[in-house]
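The values are calculated or read from the model by the stated rules, or taken from the named source; none is laboratory data. Quantities reported herein were computed from a predicted structural model and do not represent experimental measurements. Every residue, glycine among them, receives a Cβ derived from its backbone with ideal geometry; neighbour counts consider all protein chains shown.
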Amino acid sequence: MIENRYTCIIVDDEPKAIALLKDSLDELYNNIQITGTYNSWKPALQAMKNNVADIVFLDISMPQKNGMDLLALVPGLQSEVIFVTAYSEHALDAFNFGATGYVLKPINDTLLYKTVNKALERVNNKRIASGMLVSYTAKSKIGIPSQKGVDYVDVDDILYLEAVNRYTSVVKLHEKLLSSYSIGKYRPMLDGQNFCQVHRSYIINIKFVRRYEHPGTVYMSNGVAIPISRQHRDDFHRMFSEHE
């Protein structure tokens, strides 16, 4: 059996803190490669934008731009994020950003191990979902990775997708699934289907549109009102007319 391999980056303005976390990871795991360490925000931001790692270990308190600022600048980040910080009061904000975990300094290796394992489980779910996407495309099924596993759903049963921070709420008629993918990950998956992005936070299945109101609101078959941003209105009207 081939052991899964993973990558991570560490972002912290204190070199000593980076070294301590690196030592802990090297001691606990032999299948996680640290591909980069960053103690200033600009190179860290570029690495995050490139989605170069499965996991990002991110400090909160840093000069110029803190960890929250960096996450806000990368809304499409696919990496799992673990905050490693000396400040406990930011935990709620961290989880609102969709962080996988929150580890306080000085690092407790037991808590670190538990948190990293949770992140690796999410990474594995994403890999499974991505692999199944290809084989299921002809059958119009996609994998929806979550914290607990992967749900496989018929594309035609999805009413719309809504961005929830770094996650995506996949809404069916009688069920909602919270996916660990950002909404940007679903755009290419649904290309060529009956889906249209109408807002940076919404992708809708046009077959479930029941009403359109000026200047830009659609009502779905479940009664939910969804805004259409000005930049997406032409695409919506064009796509809807093509399916009439």
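The number of residues in region 169-216 being over 16 Å from residue 144 (Cα atoms) and under 15 Å from the mean Cα position of the chain (by Cα) comes to 3.
Quick grid of which residues meet (1) of a type in the set (Gly, Ala, Ser); (2) modelled with pLDDT under 90; (3) more than 21 Å from residue 183 (Cα to Cα):
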| residue | (1), (2), (3) |
| --- | --- |
| 107 | no, no, yes |
| 114 | no, no, yes |
| 117 | no, no, yes |
| 126 | no, yes, no |
| 133 | no, yes, no |
| 138 | yes, yes, yes |
| 141 | no, yes, no |
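Could you tell me how many of the residues in region 163-196 are over 19 Å from residue 74 (Cβ atoms) and not β-branched (Val, Ile, Thr)? Spell out the reasoning first.
Kept after step one, since they are over 19 Å from residue 74 (Cβ atoms), are these residues of region 163-196: 169-178, 189-196.
Narrowing the set further to residues that are not β-branched (Val, Ile, Thr) leaves 169, 172-178, 189-196.
Going through region 163-196 one residue at a time, the tally reaches 16.
Which residues, taken from region 38-64, are of a type in the set (S, T, N, Q) and either part of a helix (DSSP H, G or I) or crowded, with 20+ Cβ neighbours inside 10 Å (or both)? Don't jump to the end; show me each part of the working.
If we filter region 38-64 for residues that are of a type in the set (S, T, N, Q), which is where we start, we get 39-40, 46, 50-51, 61, 64.
Within region 38-64, 46 is the sole residue that qualifies.
Tallying residues that are over 18 Å from residue 229 (Cβ atoms) and part of a helix (DSSP H, G or I) within region 202-217 yields 2.
Can you pull out every residue in region 148-162 that is in contact with a Phe, Trp or Tyr (Cβ under 9 Å, 6 or more places away or on another chain) and more than 20 Å from residue 75 (Cα to Cα)? It would help to see each step written out before you state the result.
Within region 148-162, the subset in contact with a Phe, Trp or Tyr (Cβ under 9 Å, 6 or more places away or on another chain) is 152, 155, 158-162.
Once the filter is applied, which keeps residues that are in contact with a Phe, Trp or Tyr (Cβ under 9 Å, 6 or more places away or on another chain) and more than 20 Å from residue 75 (Cα to Cα), region 148-162 yields 152, 155, 158, 159.
For region 80-98, a residue qualifies if it is free of Cβ contacts under 8 Å to residues at least 40 places away in the same chain and closer than 20 Å to residue 35 by Cα, and the qualifying residues are 82, 83.
Going by what's in this entry, would residue 216 be described as under 22 Å from residue 125 (Cα atoms) and small (Gly, Ala, Ser)? Judged against the criteria, residue 216 is not a match.
If you check residue 73 against the conditions, is it farther than 22 Å from residue 86 by Cα and either of a type outside the set (Asp, Glu) or assigned by TED's automatic domain parsing to the domain that holds residue 110 (or both)? Spelling it out, residue 73 is indeed farther than 22 Å from residue 86 by Cα and either of a type outside the set (Asp, Glu) or assigned by TED's automatic domain parsing to the domain that holds residue 110 (or both). When region 185-197 is filtered for residues that are crowded, with 17+ Cβ neighbours inside 10 Å and within 28 Å of residue 99 (Cβ to Cβ), the ones remaining, listed by number, are 185, 186, 189, 190, 197. Once region 20-44 is narrowed to residues that are out of contact with any strand residue (DSSP E or B) (no Cβ under 9 Å at 6 or more places or on another chain) and aliphatic (A, V, I, L, M), the residue that is farthest from residue 68 (Cα to Cα) is 28.
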